[in-house]
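Q: Right, I'll just put the structure down here and ask away after.
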Amino acid sequence: MATGIPVTELSSTGHCIGFIGFRRRHYLVTILSGVAGPALAISLHKKGYKVILFEKYDGPAQGGSSLNLAPNGLRVLDSLGLAEPLFARNIATPVEVLSYRTDAGPLINSDVPSKIPNHFGYPFAGVKRSVFLKYLVESVLTHGIEVRFGHPLASLEQGEDSVTAIFENEQSVKGSFVVGCDGLHSRTRAALFGNETAEYTGMTQTAGMTLIPRRIRHMQNLYADSMHVISYAAGVKVLDDPDSGTHADTTLISWAVTRTEAQARENWKAEVGDRPDFLDKLNCEWEDGISAQELINGAPELIKFGLYDRKELATWHSGRVVLIGDAAHPTAPHLGQGANQALEDVSTLTELLQTYAPSDSGALATSTLRTVFDKLDASRIPRTSALVRGARKVGSQRVLPSVSQDAEERNRKTVEDWSRTDDQLLKNYEALLGPRINA
């Protein structure tokens, strides 16, 4: 039976102005949004927890270009009923072929990605980031979960049996625990562990999205001189109206150029001004007949951002607050695992809460949360830390000078690695994606 328990207060007036009715046995979970936030909100809601999702922007975030969803991430989305609509609505586009080349010509061309779904249950797939985030938030609202936009976090105050999130708009909310899913520039992380100095990696990315009037399912990689270019399909939606469908043979291509460069800002805002000169040097043609210049010239806007490292955390929690996703383990984009590891965090945290603090178990002690969060650390930190280091290594290998022994060795090893049998290649994916369903 619902009770009118006051849980929301406006600190500007000091008066209680909002009530959220919920069973006494359920916990109010305050989640600060990011890619993982909506998925966790739905996951915990399905298990009986009372959830409020907070987002610092006035609506779903619009920054960034695209995300690569892998089978390990799609498996979590599917458990929440969120995977199938991604493909039915053409929000996600599967990868069927993977190619590597240099300025001198092709290195490898493999159809192993087309076999991934039969062995791991799901494909690799590209999505436009803003469209994907909008879809997730819409799904949250469909489940009847409350979302409050325009709530940048200011601070956290922890008590013996609760935690209060205080926002810049002078509103505050008290809950049983807080999960910080607020991404790369996490205010929750800063509230727990203090402000950090990010270390520039010496690399930037310049990215764009281009609508190509034909069906494309390639993920393509180019090793150029101190640069790397990647492109893949990220849906079949028009750029200025992501809710409008286009012909099935029209593909939205996401592309990004990584290069060594003097320090650049760490943001995803659209660049204003002339196109960078270095893009004119990319004159190759992909295997599907698209030229690099066709991609670059067809992008209505470019974004550019510096790639920065942050120190690895020994723990993701303090008291009644825990971090997941990029807030806990920000990673360079070179392995395409950022969103997927965040979704793995969602799955693990939900399972641990169900085991040690089910929604009908009564009062939630700080010691119980410590058990849950310690086990989350033990399960997830080794895996995410290894992938963060792996992404860092891949990134440094991608931007080698063309005329160098290191680049020659990288190219040789790329050919050698992808010359293995399909079974060997699929087995190599198991460490990243989990065991095969059809070995």
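Q: Report the extension gain between Ser361 and Asp417 in nm, rounded to one decimal, defined as 0.36 nm multiplied by the number of residues separating them, less their alpha carbon distance.
A: Roughly 15.1 nm would be gained on extension.
Q: Binned at 10 Å from 0, what are the whole-percent values of the Cα-Cα distance distribution for segment 128-220, short to long?
A: Spelled out per bin, shortest first, that is 11, 29, 30, 20, 9, 1.
Q: What ranking, highest mean first, results for peptides 160-169, 192-201 when packing means the other Cβ atoms within 10 Å averaged over each residue?
A: Per-residue Cβ counts within 10 Å, averaged per peptide and sorted highest first, yield 160-169, 192-201.
Q: Also: Which lysines have a Cα lying under 26 Å from the Cα of Lys174, excluding residues fewer than 8 positions away in the same chain?
A: By straight Cα distance, Lys174 reaches Lys46, Lys47, Lys50, Lys56, Lys375.
Q: With every protein chain left in place, what is the accessible area of Lys174 in Å² (1.4 Å probe, nearest 10)?
A: 110 Å²
Q: Antiparallel as a % of all DSSP beta bridges within the chain, to the nearest 5?
A: 75 percent
Q: Also: Quick check: residue separation of Glu301 and Glu196 times 0.36 nm, minus the Cα distance between them. What number comes out in nm?
A: Fully extending the segment from Glu301 to Glu196 adds 34.7 nm.
Q: Rank by packing, highest mean first: peptides 430-437, 77-84, with packing defined as the count of other Cβ atoms within 10 Å averaged across residues.
A: With the highest mean Cβ count within 10 Å placed first, the list reads 77-84, 430-437.
Q: Right, next: Scan [x] 89, 52, 37; [y] 87, 47, 41; [z] 68, 51, 43 for the value of Cα extents along the principal axes in Å calculated from this model and give just the label.
A: [z]
Q: Here's another thing I want to ask about it. Take Leu133, Leu335 and sort them by solvent-accessible surface of the protein heavy atoms, 1.4 Å probe, largest at the top.
A: Descending order: Leu335, Leu133.
Q: Would you be so kind as to identify which of Thr315, Ala386, Phe167 lies farthest towards the positive end of the dipole of the chain, taking Lys and Arg as +1 and Asp and Glu as -1 on Cβ and the Cα centre as origin?
A: My answer, from the dipole projection, is Thr315.
Q: Treat each spin label as a single point 7 Å out from the Cα along the C-beta direction, and report the Ser318 to Asn118 distance in nm.
A: Once both label points are built, they end up 5.2 nm from each other.
Q: Cross-link candidates for Lys427: which lysines have Cα within less than 24 Å, leaving aside residues fewer than 8 places away along the same chain?
A: Lys115, Lys393, Lys413
Q: Further, regarding this structure: Solvent-accessible area per residue for the chain at a 1.4 Å probe radius, Å²?
A: Roughly 44 Å² per residue, with all protein chains present.
Q: Report relative contact order for segment 71-210 in percent, whole number only (criteria: Cα-Cα under 8 Å, sequence separation at least 6).
A: 13 percent
Q: Where does helix 338-356 land angle-wise versus the long Cα axis of the chain, in degrees 0 to 90, nearest 10?
A: 30 degrees
Q: Figure the gain on full extension for Ser110 and Ala431 (residue separation times 0.36 nm, minus the Cα-Cα span) and round it to one decimal in nm.
A: 113.6 nm
Q: Now for a separate question. How far apart, in nanometres, would the label points at Thr260 and Tyr57 be if each is projected 7 angstrom from Cα along the Cα-to-Cβ direction?
A: Those two pseudo-labels are separated by 3.4 nm.
Q: Same structure again: How many percent of DSSP beta bridges within segment 20-128 run antiparallel, rounded to 5?
A: 70 percent
Q: Also: Can you pull the Rg over Rh of segment 295-439, Cα-only, Kirkwood?
A: 1.08
Q: Sticking with this structure for a sec: For the Cα atoms of the chain, what angle does the longest principal axis make with the long axis of helix 129-142, in degrees from 0 to 90, nearest 10?
A: 30 degrees
Q: Evaluate E = 1/(1 + (r/R0)^6) for Val394 and Glu146, where r is the Cβ-Cβ distance and R0 equals 56 Å; express this FRET efficiency to the nearest 0.05.
A: Calculated value: 0.90.
Q: From Cα coordinates alone, what are the radius of gyration and Dmax values for segment 275-362 in angstrom?
A: Expressed in Å, the Cα Rg and Dmax of segment 275-362 come to 20.9, 64.
Q: How far is the Cα center of segment 34-77 from the Cα center of segment 314-393, in Å?
A: 14 Å
Q: Quickly rank 203-212, 141-150 as a protection proxy: mean count of other C-beta atoms within 10 Å, highest first.
A: Descending packing order for the listed peptides: 203-212, 141-150.
Q: Take the solvent-accessible surface of the protein heavy atoms, probe 1.4 Å, and return the percent of it on the chain that carbon and sulfur atoms account for.
A: 48 percent
The values are calculated or read from the model by the stated rules, or taken from the named source; none is laboratory data. Note that the coordinates shown come from a computational prediction; the quantities given were computed from them, not determined experimentally. Every residue, glycine among them, receives a Cβ derived from its backbone with ideal geometry; neighbour counts consider all protein chains shown. Surface accessibility is based on the protein's heavy atoms, side chains included, excluding ligands, DNA and RNA. Shrake-Rupley method; radii C 1.70, N 1.55, O 1.52, S 1.80 Å.
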